[in-house]
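To start, the structure under review is shown below, and the notes come after it.
The values are calculated or read from the model by the stated rules, or taken from the named source; none is laboratory data. If you're wondering where the values come from, they're calculated on a predicted model, not measured in any experiment. Here the Cβ positions follow ideal geometry from the backbone for every residue, glycine too, while neighbour counts run over all protein chains shown. With ligands, DNA and RNA removed, areas are computed over all heavy atoms of the protein, side chains included. Shrake-Rupley method; radii C 1.70, N 1.55, O 1.52, S 1.80 Å.
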Amino acid sequence: HSKVKYALGNSKEVIDQLEKEGVMKHKLKLIYNGVLKNNENHISKFSNLNNLKKHINSKSIIFSVIANLIPYKNHKMVIKAAHLLLKEYKNFKIIFVGSGEIAYEHSLRILIEEYNLKNHIHIFKQSLNVEDFYKISDIGISSSDEEGFSNSILEFLSFGKPVIATRVGGNLDVINNKNGFLIDKNDHHKLFNIMKYLILNKKIIKKLGAQALK
């Protein structure tokens, strides 16, 4: 750190961390991640989005987690929230899209089966056609225990989807009560309550989605 001319961070939290690690303040520069403008002419490898919806057999509210299958992304928090949700509602689906650690993915599948969620949680491999999953989603979830600045959150917002995100890293720089919800990490009870609230108040999803895109 003492030898760099400048140090770049992609969120305020990363900048704060670099300063604590000894980078002088005048050497720190903040550059947020960005996303390409949403291409409405995107050609899907699925014949159409309805086929994807048919594939997961859903007319329900769809929550999506688009993230690598690695432990700090904390998919288990979402599974635990879904377990609580299932006791009260059946009209929801959750999509996990990503690849990663085989052992971690196996542990997720075991937990899904243990909680009788096989008909509600679907795992898809990492995809070059990820736009399809953003389009079909109603709400994005970022359940990470740590983040720099999340590309998937930006991508959800760019498709006009509100996001429920943990209060970590750069999530605080972009998510607010106009475009989604911030919750404490590993708080699956709070996540359950927000998911339940959105299922019961579908108009709120559209309102938040409009602000997400803005």
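Quick notes on this one:
- Label positions at SER99 and HIS26, each projected 7 Å from the Cα along the C-beta direction, are separated by 4.8 nm.
- Using C-alpha pairs under 8 Å with a sequence gap of at least 6, the mean separation divided by the residue count of the chain gives a relative contact order of 22 percent.
- Both numbers refer to the Cα atoms of region 51-156; Rg and Dmax are 13.0, 35 Å.
- The share of Cα pairs per 10 Å bin across region 163-210, counted from zero up to the longest distance, runs 27, 54, 19 percent.
- Note on region 82-214: dipole from Cβ charges, positive end direction compared against ILE183, LEU108, GLY170; the farthest Cα belongs to ILE183.
- Fraction of the pair-distance distribution of the chain above 30 Å, Cα-Cα pairs, percent: 24 percent
- The H on the amide N of PHE124, modeled in the peptide plane, is under 5 Å from the matching H of PHE96, VAL97, GLY98, each at least 5 residues off or on a different chain.
- Here the sum of -39500 (n - 2.57) over DSSP H runs of 4 or more residues, divided by the residues of the chain, equals -11500 deg cm²/dmol at 222 nm, to the nearest 500.
- Given LYS29/LYS73; LYS80/LYS206; LYS59/LYS93; LYS93/LYS185; LYS37/LYS178, the pairs whose alpha carbons are separated by over 18 Å: LYS29/LYS73; LYS80/LYS206; LYS93/LYS185; LYS37/LYS178
- Probe 1.4 Å, protein heavy atoms only - accessible area per residue of the chain in square angstrom: 56 Å²
- Modelled spin-label separation between ASN186 and ASP145, with each label point placed 7 Å from Cα along the Cα-to-Cβ direction: 0.6 nm.
- Distance between modelled label sites at LYS3 and TYR89, nm, 7 Å Cα→Cβ extension: 5.4 nm
- Share of carbon and sulfur in the accessible heavy-atom surface of the chain [1.4 Å probe, %]: 51 percent
- The H on the amide N of ARG167, modeled in the peptide plane, is under 5 Å from the matching H of ILE183, ASP184, LYS185, each at least 5 residues off or on a different chain.
- FRET efficiency, 1/(1 + (r/R0)^6) with R0 41 Å, evaluated for ASN119 and ASN176 via beta carbons: 0.75
- Mean projected area of the Cα convex hull of region 67-123, taken over all directions, amounts to 3.4 nm².
- Using the Cβ-Cβ distance between ILE110 and VAL130 with R0 set to 25 Å, the FRET efficiency works out to roughly 0.45.
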